Structure formats: C-alpha cells, structure tokens
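The values are calculated or read from the model by the stated rules, or taken from the named source; none is laboratory data. Remember, it's a predicted structure, so these values are computed and weren't measured experimentally. Cβ coordinates were reconstructed from backbone atoms using ideal geometry, including for glycine residues, and neighbour counts include every protein chain displayed. Calculation scope for accessible area: heavy atoms of the full protein, side chains included, ligands and nucleic acids excluded. Shrake-Rupley method; radii C 1.70, N 1.55, O 1.52, S 1.80 Å.
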Amino acid sequence: MTLQKEFEQYADDVKKVKTRPTDQELLDMYGLYKQAIVGDINIDKPGMTDLKGKAKWEAWNSRKGMSKDDAMTAYIALAKENINKYGK
C-alpha cells in the first residue's frame, strides 16, 4: 500500500472511533492532516474572537516546513494510536 493510500485509509478510519479524542489530539491530527494535504499554511490567522479557528490555525502553523510525506507518516502514527486508544 502506498503512503498516500495508507494515509487516506487512516484518515477515514480515525473518523469512526467509538469515543471522541481529546481536543488536543484532534488539533494535532488536524495540523498534520492539513500539512499533508495542502502543505505550509496559506491562510491568515483568524481574529481573537474566533477561538476554534485560531486553535486550528496554530495547530497547522506549528507543522510549517514539514514535508507532506513526513506529515502523512506522523498522521498515520497518531491515527493508529487514537484508534487503539478509543476503539473502532
């Protein structure tokens, strides 16, 4: 299985966990997912009142400079961990 296919499979599987992961786990996965799909962040930071948007922006921005392949590999590892932790 190619890295891209494995990434897509885990991205789909992690959505099916029985218990919702913590906010921090979700943000970590979000940042890695966006870095793997889009690359370095390409949007402006949301305003102070948009707390959720700001947290997501910061999670993605923290991955700046990471290659798409490295982001996919890290995402897969984190997704596996969450699937094992929260059940599928």
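Out of ILE41, ILE83, ILE76, which single residue is crowded, with 17+ Cβ neighbours inside 10 Å, out of contact with any Gly (no Cβ under 8 Å at 6 or more places or on another chain), of a type in the set (Val, Ile, Thr) and not in a helix (DSSP H, G or I)? Explain how you work it out, then say what you get.
On the way: ILE83 fails: not in a helix (DSSP H, G or I); ILE76 fails: not in a helix (DSSP H, G or I).
Only one candidate passes the filter, namely ILE41.
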### Task
Please enumerate the residues belonging to the range 1-26 that are out of contact with any helix residue (DSSP H, G or I) (no Cβ under 7 Å at 6 or more places or on another chain) and surrounded by 13 or more Cβ atoms within 10 Å (Cβ to Cβ).
GLU8, GLN9, LEU26
### Query
Does the range 46-53 contain at least one residue that is open to solvent by less than 40 Å² (accessible area, probe 1.4 Å) and either free of Cβ contacts under 8 Å to residues at least 40 places away in the same chain or part of a loop (DSSP other than H, G, I, E, B) (or both)?
yes
### Task
Can you work out which of the residues in the range 54-73 that are of a type in the set (S, T, N, Q) and assigned to a loop (DSSP other than H, G, I, E, B) is surrounded by the fewest Cβ atoms within 10 Å (Cβ to Cβ)?
SER67
